[in-house]
Amino acid sequence: MELKNCRMAYGEALKKLGEENRNVVVLEADLGNSTMSKLFGAEFPERYFQMGIAEQNMLSTAAGLAFAGKIPFVNSFAVFSTGRPYDQIRSSICIPEANVKICGSSAGLSDYGDGKTHQSIDDIAIMQVLPHMTVLSPVDAVETEKMVKAAAELAGPCYIRVNRNDIPVLTEPSEEYHIGKMSVMREGTDLVIFATGYMVYQSLEAAKILEKKGIRAKVVNVSTIKPLDAEKVRELAKGMKAVVTVEEHSVFGGLGAAIQKAMAKGPLPAELIGVEDRFGTSAENYELMLQEYGLTPEDIARRAAGLVQ
Amino acid sequence: MSCSSEKIRELKRRAADIREDIVEMIPAGKVGHLGGSSSIADVTAALYFGKMKVFRDPKDPRRDRLIFSKGHAVLAQYACLAELGYFSKEEFKNVKTLHGLLQGHPDVSIPGIEAVTGSLGQGLSVSLGMALGCRLDDPDVRVYCVLGDGELAEGQVWEAAMAAPNFKAENLCAIIDRNGIQATDATEKIFPIRDLKAKWESFGWHVIEIDGHDMEAILDALDEAETVKGKPTMILAKTIKGKGFDFAEGTARYHNAAMTEEEYAQAKELIRKMKEGV
């Protein structure tokens, strides 16, 4: 399977966007080499603002740029672009619906080595709780690229959660992409797994394990977490025996919570798979990290099977 | 002196009008930010009616921008925006009411309000972004930002203080309403600011110190700011909290409070005299 890096795709997409739209401006906080926003900076230095390690100022400055008619993309690690400047996003950006795009790079546990301070297990929660905020979580590099373009076309605040590592490409460049649309990656009749980001791949692998046990799992890529198409969620869950959600994020306030809210009218046995109310940790590699947090295909399969067997 | 005495008189009258409108917005029994709104009334009058490029259309792209980072003083701005015809003075009585146009703090749904502020410490950063954004399209647009002195305790202010000179944001002019009193006590008791001029100069700003109630000095400072190249300007405006209302002057008590019937009557009388004096 082809592996591709999401943040590289993000940086390339940003650069392309810069060519197409001169109102696109980019801000970064001394992590441009990691977020790959530097690719834009190399091409358009006059529209690239190095804001230093001062994220609060960066987010409010982005609001000001938006009010001046620009389309700012703000870049840092997910922890530093959401939690650190939370009130700036809330007050300077979301209340006035400023047209600011926030990139949360190295999201989830994908920055496996750096430990709990650098691993975002709460970013979806604190972004989706904000009125007017759109929350996106791409499944792969191809979707990341389409998402950047779509985010620029969307009027209003938008958060994009980007994985740090080389991950499998699951979608085609030719596939149409729309914010708000979820896609079935694998059909199944026993249970449905709603997953986001890299966890879609993990869930597809889990589905293979489940199949051997005679359980047919449907896997859905939820790359728009907010706004969530609740009707579609219920439709996809119809006739199923159970619902599973998988995310590289706390089980509190993330995708699981959003799906559960959508399902409130017709509850099914459910498992919310994610980070169980704890922070991250340092690990030698991403694989080990995901094992530690129970986010491997085997974990997903075991818990999903538990619901229907 | 850059301005005719006629213009100075007009602006002093405008400032008295602003104070009159503030009192109308928060009559006896209605809680509001009298202290910080009246300390900045003279500067606000000078900006909207003496300095800034303003147009009939509050969204005209050529306009200069004014952001109150100390959003709680927005009553002074409401007075001016109504005067500019952006909404009716009828709205004054509905300040801070359900479905009323005029919110308790600045909101972009209000014509002429450029940003959302109120959570202190963010306005200078927003103003910087606006200055940088406007500069890409029209270098003649100037962005003004009013900060409170209590607000300077917010770390974000100093992030913006460092950032703006780095971008040579010469189209940005900030004004600190240095009234020396914050919500509950004197700034120097709560969180001493010490030498503000030295601080801002060392951060790379052009700094001008003035009496924030001396209309001529205010205008001169704003003119000077416009001539500064390669760096932003900070005007330190020494003011009196509650200026114009002797019962409220120099005290934290009217930071956000309601006047009694007696005080309200007294305030109206003071405004009458203020106008006579101009």
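Nothing in this text is a laboratory measurement; each read-out follows from the coordinates by a stated rule. Values in this document were obtained by computation on a predicted structure and should not be read as measured data. No Cβ is skipped: glycine too gets one built from the backbone with ideal geometry, and neighbour counts run over all protein chains shown.
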For this session: Pick out, in residue order, every one of the chymotrypsin sites (Phe, Trp or Tyr not before Pro) in segment B:1-71 that is DSSP loop and has at most 16 other C-beta atoms within 10 Å; say none if there are none.
Result: B:Phe55
Exercise. Any idea what log10 I(q)/I(0) is at q = 0.19 Å⁻¹ for segment B:193-278, Debye with uniform C-alpha scatterers and no solvent?
Worked result: -0.92
Problem set entry | With Cα atoms, 0 to 90° folded angle of helix B:261-277 axis to chain B main axis | 60
Exercise. Rg(Cα) of the protein assembly as shown divided by 2.2 N^0.38 Å?
Worked result: 1.09
Problem set entry | Degrees, to the nearest 10: A:141-153 long Cα axis against longest axis of chain A | 50
For this session: Please work out how much length the chain gains when fully extended from A:Asp229 to A:Ala42, using 0.36 nm per residue of separation minus the C-alpha to C-alpha distance, in nm with one decimal.
Result: 63.5 nm
Problem set entry | Estimated 222 nm signal from helices in chain A, with DSSP H stretches of n ≥ 4 weighted -39500 (n - 2.57), rounded to 500 | -10000 deg cm²/dmol
For this session: Return a whole-number percent for the relative contact order of segment B:120-176, with Cα pairs under 8 Å and 6 or more residues apart as the contact set.
Result: 50
Problem set entry | Mean Cα-pair separation over length for chain A, i.e. relative contact order, pairs under 8 Å, 6 or more apart, % | 18
Seminar exercise, completed: When chain A is treated as a Gaussian network with springs between alpha carbons less than 10 Å apart, the largest mean-square fluctuation among A:Gly41, A:Gly69, A:Gly280 is found at A:Gly69
For this session: Pairs to check: A:Lys16/B:Lys168; A:Lys261/B:Lys70; A:Lys70/A:Lys116; B:Lys241/B:Lys273. Give those whose C-alpha atoms are more than 31 Å from each other in this structure.
Result: A:Lys261/B:Lys70; A:Lys70/A:Lys116
Problem set entry | Of the trypsin sites (Lys or Arg not before Pro) in segment B:225-278, those whose Cβ has at most 10 other Cβ within 10 Å and which sit in DSSP loop | B:Lys229
Exercise. If you line up the long axis of helix B:5-25 against the longest principal axis of chain B, both from Cα atoms, how many degrees apart are they, to the nearest 10?
Worked result: 60
For this session: For segment A:57-168, count all C-alpha to C-alpha pairs, find those more than 25 Å apart, and express that count as a whole percent of the total.
Result: 16
Problem set entry | Protection proxy ranking of B:26-34, B:255-263, B:164-172 - average other beta-carbon atoms within 10 Å, highest first | B:164-172, B:26-34, B:255-263
Exercise. Where both partners of a DSSP beta bridge lie in chain A, what percent of those bridges are antiparallel, to the nearest 5?
Worked result: 20
Exercise. Debye sum, Cα scatterers, chain A, no solvent: what log₁₀ I/I(0) at q = 0.08 1/Å?
Worked result: -0.32
Problem set entry | Relative counts (whole %) of C-alpha pair distances in segment B:12-104, using bins that are 10 Å wide | 17, 51, 29, 3, 0
For this session: Have a look at A:Gly266, A:Gly294, A:Gly256 and tell me which one the Gaussian network model of chain A (Cα, springs below 10 Å) gives the largest fluctuation.
Result: A:Gly266
Exercise. Taking 0.36 nm per residue of separation and subtracting the Cα-Cα distance, what length does fully extending A:Asp277 through A:Lys213 add?
Worked result: 20.1 nm
Seminar exercise, completed: Here, chain B modelled as identical Cα point scatterers in vacuum has Debye log10 I(q)/I(0) at q = 0.09, 0.11, 0.14, 0.17 Å⁻¹ of -0.37, -0.57, -0.95, -1.46
Problem set entry | For segment A:116-194: relative contact order, % (alpha-carbon pairs under 8 angstrom, 6 or more apart) | 30
For this session: Considering only DSSP beta bridges where both residues belong to the protein assembly as shown, give the percentage that are antiparallel (nearest 5).
Result: 15
For this session: Would you compute, from DSSP H runs of 4+ residues alone, the mean residue ellipticity of chain B at 222 nm, taking -39500 (n - 2.57) per run and dividing by the full residue count, rounded to the nearest 500?
Result: -12000 deg cm²/dmol
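Which peptide among A:149-156, A:72-79 comes first, and what is the full order, when sorted by highest mean count of other Cβ atoms within 10 Å?
Numbers: A:149-156: 16.2, A:72-79: 29.4.
Averaged packing, sorted descending, gives the order A:72-79, A:149-156.
State the percent of C-alpha pairs, over all pairs in segment A:177-219, separated by a distance greater than 15 angstrom.
38
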Exercise. Could you give the semi-axes, largest first, of the ellipsoid that matches segment B:128-278, computed as the square roots of 5 times the alpha carbon gyration tensor eigenvalues and rounded to whole Å?
Worked result: 32, 19, 13
